[in-house]
1. Scan region 113-147 residue by residue and report those that are among the charged types (D, E, K, R), modelled with pLDDT under 90 and under 17 Å from the mean Cα position of the chain (by Cα).
2. Scan region 105-122 and report the pairs whose first residue is over 14 Å from Gln57 (Cα atoms) and whose second residue is open to solvent by 70 Å² or more (accessible area, probe 1.4 Å) and of a type in the set (A, V, I, L, M, F, W, C), with Cβ atoms within less than 9 Å and a gap of 6+ or a chain change.
3. Taking region 58-107, which residues are open to solvent by 80 Å² or more (accessible area, probe 1.4 Å) and of a type in the set (A, V, I, L, M, F, W, C)?
Amino acid sequence: MKKVILAVMVMAGLTAMAQKGEGKGHHGFMKDMTPEQLATLQTKKMTLALELSAKQQQQIQRINLENAELRKAKMEELRTKKESGKREKPTADERFTMLNERLDKKIAAQSELKRILNEEQFEQWKKMQLAKDKHQMHRAREKHGRK
């Protein structure tokens, strides 16, 4: 369970990019990649940023692959609902549940990464996540016309 949760968090950045739309934006090409390809790219990015050892790369690759497979399935489910017209806006309770689950997954993923990475790598990863979160928040505000 922890591995799946970690994978969700690690690949969150790719999820946001892949969900931009049908081939729109500079990351639209990623929607056509296999989970294995996405996991490999994400692992290599982390290897470059954090100087992962071979053992760490294997552990992170496995986690990234599990996450990419789950994300791909979820995206297909959402695409099917959208195309069939059955996709409805979630209620306030459903949004709370989704956000709560997402945060639980982030917490578990952080714990898993803390187990795999050394202290210096973990601190660098946290800085990268804060920057990514800040960037995503800025983009969300722009999308919704807020400053």
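1. Correct list: Lys132, Asp133, Lys134, Arg139.
2. What qualifies is Ala108/Met1.
3. Leu70, Phe96, Met98, Leu99, Leu103, Ile107
The values are calculated or read from the model by the stated rules, or taken from the named source; none is laboratory data. A quick note: this is a predicted structure, and the numbers were derived from the prediction, not measured. Here the Cβ is made from the backbone with ideal geometry for all residues, glycine too, and neighbour counts use every protein chain on show. Please note that ligands, DNA and RNA were not included when accessible areas were found on the heavy atoms of the full protein model with its side chains. Shrake-Rupley method; radii C 1.70, N 1.55, O 1.52, S 1.80 Å.
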